[in-house]
Structure formats: structure tokens, C-alpha cells
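Worksheet: the structure to be examined is printed underneath.
The values are calculated or read from the model by the stated rules, or taken from the named source; none is laboratory data. What you are looking at is a predicted structure, and each value in this text was computed from that prediction instead of being measured. We place every Cβ from the backbone using ideal geometry, glycine too, and count neighbours over all the protein chains shown.
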Amino acid sequence: MLELKKISKKYGRVTALKSVNITLGSGIYALLGPNGSGKSTMMNIIAGILPPSDGEVLYNGQTIRSLGLMYREKIGYMPQYPGMYPSFTARDFLLYMSELKGLRRGNESEVDYILRRVELDDCADRKISALSGGMKQRLSLAQAVLGSPEIIILDEPTAGLDPKQRIAVRNFISEIAVDRTVLWATHIVPDIEGIARDVVLLKQGEVMDIAAPEKLIKKMNGRVWSVHIEHYAAEDFRRKYRICSTVPEADGLSLRLLSEVQPCEGAAPLAPTLEDYYLYIFGDIL
Ligand code: ADP
Ligand code: MG
């Protein structure tokens, strides 16, 4: 179990995290927030590589500071901007990382298994410098899960992947998340829809909410509307409401929008989604 107790972080005059209190058990936690909300800062602090300005991170009741290396061994971390040795081959890099992690020598079978799972087995002997962005991304994911660490921290793991690779990575992460804590930072709602047990909403360094996705979606009941308007009214609606989507139609526009009450006559309520909730929370800073 991981606990963040009153974690704050300041970079000079910029406050990146403001007294964050959360408790994480096992399963996938989505850390959802727009760019600059403090996701990477929080992940670096949980990974134990960035000291907080204030507060403590506890692992099973003990501060990670006091656990030191014992804690670091339990962490698999995929940073947002991975720095990997360009002259290593993909396979050698993973073998090297597994030695650094103190894993048993000769666990080549695990390395080969993971290479297959992230669909890099065909380029296992290629130099990292010759891999595409998406391939490097998957190699970085592979090193994070090597050795089945108890806590897996993934900072925007699907950035730069195409839809098929995204789905493959999602499935892979869901599978390895059993009996483990996975923290997955993203600003892409569909990435974590359907697989996160809880969503931690981070806005300008503050945790706005932490709850199961279904619970967050429920909060939007009665707040999402379908409205049919003529073109000339569009500007007025954009000024008054947060618009989730606009679909052109023969005689005007069909809008999906957020409103606390029925916005106009003829507006019909819609079943909310997690994306609606994202817009509800973050719409003012998009
Ligand atoms: P996210 O990962 O959600 O995009 P970050 O944790 O990277 O957010 O950044 C949170 C805030 O802290 C931003 O305002 C960012 O500019 C600032 N920040 C992050 N890292 C540094 C740093 N090393 N020095 C100064 N400011 C930083
Ligand atoms: Mg980030």
C-alpha cells in the first residue's frame, strides 16, 4: 500500500503539487490531468527520484526515505521522456536493466517474453538509435515491467503510439496489473476508460477527486444535453456552455453540451461519459 501524506512540491516560485493526500492499493490508478497539472512531478516523487518540498510517501506504513534501496527495487518506472543508451540493442538494454535491477542472471527468457509482448521481438537486435519513437516507447515500457515490480509507474505510456499499439499496450498493462499497484498518468481519457479501478483527478497541483470511473460518470447525470440549433445561434451557445461535440447537420448543428439545467426547450438529456466529466472538471483551463 502506498500513501501520499500532504505531499507538496515547489520548483522555485512554481507550486507543482499542493498538499496531495492519496492512498493507493492494488490495481490500475489513472492519474488524469491536463499538461502542467503536476502528473510527472507526482510520479517522480512516488518513484523516489524527486524529493518533495513537504510531506511523506509511505510504503506499507514506512517512509520511502527510510526504506531507500529496498523501496527502489519494488518500483518499475517508465518516465515521460525516457533516456536510453542509443548504441545498445533493444535486447541488450533489457538484459542490462535487469542486471541493474539486481534480477537473477540468465533471465533471458523473461527478456524475450517481454520483447514479444510489446511487439519488439522483430527488432530485438536493432540499435536503440535505429528504433522509431513508438518502438522506444514500448522498450521503455518493457524495462518498467521487467522483474514484475510491485509498483509500476507509467508516465504517458501510450504517447506516440498508433491505435493498434495503444490497444496492445492497454491490454498488456491490464494483464500485469493483477496484485500490483499501477499508476498511469495520461491526459487521454479513452486510454484508461474501462480499465482503471480509480481515477485520480489532478488539476493545477491539487487532487480534485479520486473515485471509480463509473462513480465519476454518475456525477454527470442530468448535466449532459443534446441540442439542435441553427447556425446563427452557435456563438451564443459556445459562450454560455461547454461544448463536448458539434456535428453539422442539413438544417443546422447538433451539439453535445454541459449544463446544470435544461439549456433550452427541446434539449434532450444524454448518457454521460468519462470524457464529459473531464470537460466538466478541466473545461476552464483547456
Ligand atoms: P504534467 O506532467 O502534468 O504535465 P509536470 O509535473 O511536468 O506536469 O509540471 C507541473 C508544473 O511544474 C508545471 O507548471 C511545470 O512547468 C512545472 N515544472 C515541472 N518540472 C519543473 C522543473 N524541473 N523546474 C521548474 N518547473 C517545473
Ligand atoms: Mg508529464
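If I filter the range 15-23 for residues that are within 8 Å of ligand 1 (Cβ to nearest atom), under 23 Å from Glu193 (Cα atoms) and not basic (Lys, Arg), do I get at least one hit?
no
Just give me the residues in the range 241-270 being touching a residue at least 40 places away in the same chain (Cβ under 8 Å) and within 30 Å of Ser37 (Cα to Cα), in sequence order.
Taking the range 241-270 and keeping what is touching a residue at least 40 places away in the same chain (Cβ under 8 Å), we get 242, 267-270.
If the condition is that a residue be touching a residue at least 40 places away in the same chain (Cβ under 8 Å) and within 30 Å of Ser37 (Cα to Cα), then Arg242, Leu270 are the ones that fit.
If we scan the range 100-123, do we find a residue that is within 16 Å of ligand 1 (Cβ to nearest atom), modelled with pLDDT under 95 and under 21 Å from the mean Cα position of the chain (by Cα)?
Of all residues in the range 100-123, those within 16 Å of ligand 1 (Cβ to nearest atom) come to none.
There is no residue in the range 100-123 that is within 16 Å of ligand 1 (Cβ to nearest atom), modelled with pLDDT under 95 and under 21 Å from the mean Cα position of the chain (by Cα).
Has the range 70-84 got any residue that is aliphatic (A, V, I, L, M), surrounded by fewer than 20 Cβ atoms within 10 Å (Cβ to Cβ) and farther than 13 Å from Ile153 by Cα? Quick ask: steps written out before the conclusion?
In the first step, residues of the range 70-84 are kept if they are aliphatic (A, V, I, L, M); the result is 70, 75, 78, 84.
Narrowing further to those that are surrounded by fewer than 20 Cβ atoms within 10 Å (Cβ to Cβ): 70, 84.
Narrowing further to those that are farther than 13 Å from Ile153 by Cα: 70, 84.
Within the range 70-84, one or more residues are aliphatic (A, V, I, L, M), surrounded by fewer than 20 Cβ atoms within 10 Å (Cβ to Cβ) and farther than 13 Å from Ile153 by Cα.
I'd like to check something: does the range 28-40 contain any residue that is more than 21 Å from Leu100 (Cβ to Cβ), at pLDDT 95 or above and more than 16 Å from ligand 2 (Cβ to nearest atom)?
yes
Within the range 124-175, restricting attention to residues that are closer than 12 Å to Asp191 by Cα, more than 16 Å from ligand 1 (Cβ to nearest atom) and of a type in the set (A, V, I, L, M), which residue is surrounded by the fewest Cβ atoms within 10 Å (Cβ to Cβ)?
Filtering first and then ranking leaves Ile167.
Can you tell me how many residues in the range 48-59 are within 20 Å of Gly76 (Cβ to Cβ) and either within 13 Å of ligand 2 (Cβ to nearest atom) or hydroxyl-bearing (Ser, Thr, Tyr) (or both)?
The first filter runs over the range 48-59 and keeps only residues within 20 Å of Gly76 (Cβ to Cβ), leaving 48-50, 57-59.
If we keep only those that are either within 13 Å of ligand 2 (Cβ to nearest atom) or hydroxyl-bearing (Ser, Thr, Tyr) (or both) too, we end up with 50, 59.
Within the range 48-59, residues that are within 20 Å of Gly76 (Cβ to Cβ) and either within 13 Å of ligand 2 (Cβ to nearest atom) or hydroxyl-bearing (Ser, Thr, Tyr) (or both) number 2.
Could you check how many residues of the range 179-192 are on the phi < 0 side of the Ramachandran plot, away from ligand 1 (no atom under 16 Å from the Cβ) and touching a Ser or Thr at 6+ places or on another chain (Cβ under 8 Å)? Walk me through it before giving the result.
First, the residues of the range 179-192 that are on the phi < 0 side of the Ramachandran plot: 180-192.
Imposing the further condition that a residue be away from ligand 1 (no atom under 16 Å from the Cβ) reduces the set to 180-182, 190.
This time we only want the ones that are touching a Ser or Thr at 6+ places or on another chain (Cβ under 8 Å), so: 180-181.
Going through the range 179-192 one residue at a time, the tally reaches 2.
Starting from residues that are among the charged types (D, E, K, R) and surrounded by fewer than 23 Cβ atoms within 10 Å (Cβ to Cβ), keep the ones in the range 1-50 and report whichever is nearest to Leu154 (Cα to Cα). Let's see the steps before the verdict.
First, pick out the residues of the range 1-50 that are among the charged types (D, E, K, R): 3, 5-6, 9-10, 13, 18, 39.
Keeping just the survivors that are surrounded by fewer than 23 Cβ atoms within 10 Å (Cβ to Cβ) gives 3, 5-6, 9-10, 13, 18.
Details: Glu3: 18, Lys5: 21, Lys6: 22, Lys9: 20, Lys10: 22, Arg13: 27, Lys18: 21 Å.
The extreme case among them is Glu3.
What residue, among those in the range 48-101 that are without any contact (Cβ under 8 Å) to a residue 40 or more places away in the chain and acidic (Asp, Glu), is farthest from Ile176 (Cα to Cα)?
Going through the qualifying residues, I end up with Asp92.
Mind telling me which of the residues Ala90, Ala159 ends up being of a type in the set (Gly, Ala, Ser) and touching a Cys at 6+ places or on another chain (Cβ under 9 Å)? Break it down stepwise before answering.
Details: Ala159 fails: touching a Cys at 6+ places or on another chain (Cβ under 9 Å).
The unique qualifying residue is Ala90.
Take Leu253 and tell me if it is assigned to a strand (DSSP E or B), surrounded by 17 or more Cβ atoms within 10 Å (Cβ to Cβ) and over 33 Å from the mean Cα position of the chain (by Cα).
Details: assigned to a strand (DSSP E or B): yes; surrounded by 17 or more Cβ atoms within 10 Å (Cβ to Cβ): yes; over 33 Å from the mean Cα position of the chain (by Cα): yes.
When the stated conditions are applied, Leu253 passes them.
Only one of (1) out of contact with any Asp or Glu (no Cβ under 6 Å at 6 or more places or on another chain); (2) outside any loop (DSSP other than H, G, I, E, B); (3) within 12 Å of ligand 1 (Cβ to nearest atom); (4) within 30 Å of Asp276 (Cβ to Cβ) is not met by Ile28, so which one is it?
Unmet condition: (3).
Could you please find all residues in the range 271-286 being farther than 18 Å from Gly33 by Cβ and buried (at least 18 other Cβ atoms within 10 Å of the Cβ)? Can you show your working first?
To start, the set of residues in the range 271-286 that are farther than 18 Å from Gly33 by Cβ comprises 271-272.
Correct list: Pro272 only.
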